[in-house]
1. At q = 0.20, 0.23, 0.26 Å⁻¹, what log₁₀ I(q)/I(0) does region B:217-283 have when each alpha carbon counts as one equal point scatterer in the Debye sum?
2. Rg/Rh for chain B: what does it come to with C-alpha atoms and Rh from Kirkwood?
3. Using the Cα atoms as the points, what is the convex hull volume per residue of region A:114-227 in Å³?
4. So between A:F191 and A:W174, what do we pick up on full extension, going 0.36 nm a residue minus the alpha carbon distance?
5. For the protein assembly as shown, what is the calculated [θ] at 222 nm in deg cm²/dmol (nearest 500), taking -39500 (n - 2.57) for each run of four or more DSSP H residues and dividing by its residue count?
6. Quick check on packing: order A:283-296, B:257-270, A:479-492 by the mean number of other C-beta atoms within 10 Å, highest mean leading.
7. Checking the table B:K111/B:K276; A:K242/A:K281; A:K164/A:K282; A:K160/A:K242; A:K234/A:K285 against a 22 Å threshold on Cα-Cα, which pairs fail?
8. Looking at the protein assembly as shown, send over the antiparallel percent of its DSSP beta bridges, to the nearest 5.
Amino acid sequence: MEFLQYFGGVFEPLSFALLVFGTIGGLILGATPGLSPTMAVALLIPFTFQLQPTQGLILLGAAYTATVAGGAVSAILLKIPGAPANIATALDGHEMAKAGQGAKALHVSFLASGVGGIIGVFLLIFLTPVLAKWALAFGPSHLFWMAILGVTIIGSLDSKSFVKGLLSGCLGFWLSMIGYDDIQGAQRFIFTDALTGGVNVITALIGIFAIPQVIDMFAKGRQPMSVSAITIEKQSLGDSLKLLFQNIKALSIGTVIGSIVGLIPGVGGQIAGLVSYDQSKKFSKHREKYGTGHPEGVIAAESANNAMVGPSLVPLLTLSIPGSPTAAVLLGGLLIHGIFPGSDLFENHPQVAWTFINSMLIGQVLMVIFGIWIAGYAARVAQVPTAIMASCVTVLAVFGAYSVQQSMGDVYIMATLGIAMFFLEKFGFSAAPLVLGLILGPIAESNFIQGSMIANAMDGPAAYFLFGPLNLFLIALVFASIAYSFLMSRRQSAVSLSEPSSEVGGAQ
Amino acid sequence: MKLKVFGAAIALSVLALGSSVANAADYPERPISVMVSYGAGGATDFQARIVTMMAGGEDFLTQPIVIINKPGAGGRVGWNWFATEAENDGYTLGAYNIPHFVAQSIEGGVKYSADSFEPIANWGSDPAVVVVGKDSEYNTIGELVDFAKANPGKVTLSGAGLYVGHHIAALQMEKATGAKMAYIPTKGGGAAAMKAVIAGDVIAGINNLSDAYRAREAGNVKILAVADLERNEQFLPDVPTFMEAGYEVDNSSVNFRGLMVPKGTDPAIIDMLAEKVPAMFEHARVKKQMDAGGSPLKIMTRAEVQKMWADREVYLTELLAGLK
């Protein structure tokens, strides 16, 4: 309970002001497409040069927490996920916003984020030594199987057809291969300079989510002015809380999966939201409602991506290994004050370590408060006329794609992928599996190649990839996941076969 | 007719000359950007932000410096951009990493070489070191090399990618010891390579001195040797160099970082920068922040950097010749 002694530090005037500033700023940055949590934290680092270490970290921690949650705002209202963590949020959240339930979607998203986030930070506080071992247990072979496990959910994710889902995933895999391969030194599919660095996930994300709907909106704009005024439903906080606790199952699944996946260095943050969305769908009684504006989907995704924040810092704080790009930036923020994460941090600077962790706890609460406060206003975005909306989304998409690495090349890539996705959607392919392929491709590939190189120096690939308890456990999960999807699709087709006949029977 | 064209050409070139002279005299009149070809938060980015933070001072450039990140493909994206698209008006500087960009240009497939850029000054040097996990059975570089000699190809060495300092150090180590080892490049930079060592995925690893020092402070690794000409007295006085251990590995893999401008920048601007920038790197606050992060400061003038680039070019061409 050591952390309780250090709560005072969070409530010092300057510290608290920074916490509030970091939270509000983080929400705004997070809601801006293209500004990922990593970049938001990196942008703030120069400000911490002038601050005390503790205060600097409070600012960074608050910004990290709030940007992850803030990404949900653009995902829900504009269907532009601010970061990979928010992809799953867009699937149901945007459908809700289109139906005038934007406030409800934002409320549950912030509440779920808060609950997930607080539990995640508690895990960081109480279980750090245990979790650190777990984070290190994942070598290349295990990460490879993790990625394959991710592949097994591609087919069932947001797609009417299993095969088309898989095909979308394959396209994503292929896109991920473009660029210079740092492990084997090969140049792949680089037809133009802009592709040397490959397809950036955030650039792709903006293109394939935002552009197809922009085209749709413009297409509608050509029709005579049939103003379909959306009525924005008012949402009281009490109702939202009730809704959250009615869906306690989705909340628990999201939190648990987010915490576990968040721990794994190099994988966690990006897929936590998607994996828990998929799992909560599989365990849900209302599986068919997912993707049509079902609050459960938002809750599962958002609780997962904030639950991941705390555990994702475990490898950094205990072993000085940054497990995610954001953690790497935070490491820079620590180093600049001469603080080395690891045993040094907790033994010699407990004040810094615990104040930082506590500030993330308070930051989660502040994030929920400010998030709820803006939700009512933000939801009115859905009432903006289509033509204006389409223009705004286009501007944001271009701005977002450019700001990822200050490159016009990325804007062209974003537009190309977006236009291609528009046509693919017409043929029943969907965006989420494609992005998941793009994220998992490099993880599967690089870990397979690294694993093979290591295996060849040891006892050969078979022993390295197929044996050992963790490998076997993950392989079992892969098979279980495939079997489950297969059974479900058979049961569903059985249901859909029997349903029409019973209807026919009823009519007679 | 011809004369007219000739005359116009002269008039134009005089104009152009005139404007560039005016530029050099007023330079700098607006903020200067520094292109870093690695992501925000990486070691190069982080150090570039520290060493340029005093730029706005009266004694230095009088204008602030802004960092622009163009990451991708191990630095190739940024340097390609810098060689082909960056304006050579003195307002766009770039950060270089040696031996990375020289080795990449020798490997081929990029649009730059050492001739595409003009160095200004060097700010840091981060030597490569050999690390093993804290419970490793190897306590000296000699023990590790002996095992590698007895078991060719069995020693796995992690490092941050291909054609970077770590890769060069691994190649030099193999060449100097005659022992065959398996170099495992990781995606995700030095941090991923360090994780592989600490978790026991590989037997040993090559990493940056600054990161290895930190990992050792945290009680995670042992550092066996440093690939430099001298020991690092500030951070690792107890770790021998390869030379001291009896292996001919010099400082060719040391990661030098500094500032440069594109070829064709006005010589007057280059001279002005070459004079002011090293003084800016020497500022006490820069030194304090760099020390705090465990990042060795190594300030070199333009002339020294030019010689270092030329030496690396010759040496790396020879070392990498066997690889192609």
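1. -0.87, -0.98, -1.12
2. On the way: Rg = 21.6 Å, Rh = 20.8 Å.
With Rg and the Kirkwood Rh in hand, the quotient comes to 1.04.
3. Looking at region A:114-227, the number lands at 215 Å³ per residue.
4. Working: separation 17, 0.36 × 17 = 6.12 nm, distance 1.47 nm.
Gain on stretching A:F191 to A:W174: 4.6 nm.
5. Working: 34 runs with 518 residues, N = 832.
So the calculated ellipticity at 222 nm is -20500 deg cm²/dmol.
6. Details: A:283-296: 17.6, B:257-270: 20.3, A:479-492: 13.4.
Per-residue Cβ counts within 10 Å, averaged per peptide and sorted highest first, yield B:257-270, A:283-296, A:479-492.
7. On the way: B:K111/B:K276 29 Å; A:K242/A:K281 20 Å; A:K164/A:K282 19 Å; A:K160/A:K242 31 Å; A:K234/A:K285 27 Å.
Beyond 22 Å between Cα atoms: B:K111/B:K276; A:K160/A:K242; A:K234/A:K285.
8. Numbers: 27 of 42 bridges.
Around 65 percent antiparallel, to the nearest 5.
Bear in mind that the values in this text are calculations on the coordinates, not laboratory data. Keep in mind the model is a prediction, meaning the values are calculated, not measured. Every residue, glycine as well, gets a Cβ built from its backbone with ideal geometry; the counts of neighbours run over all protein chains shown.
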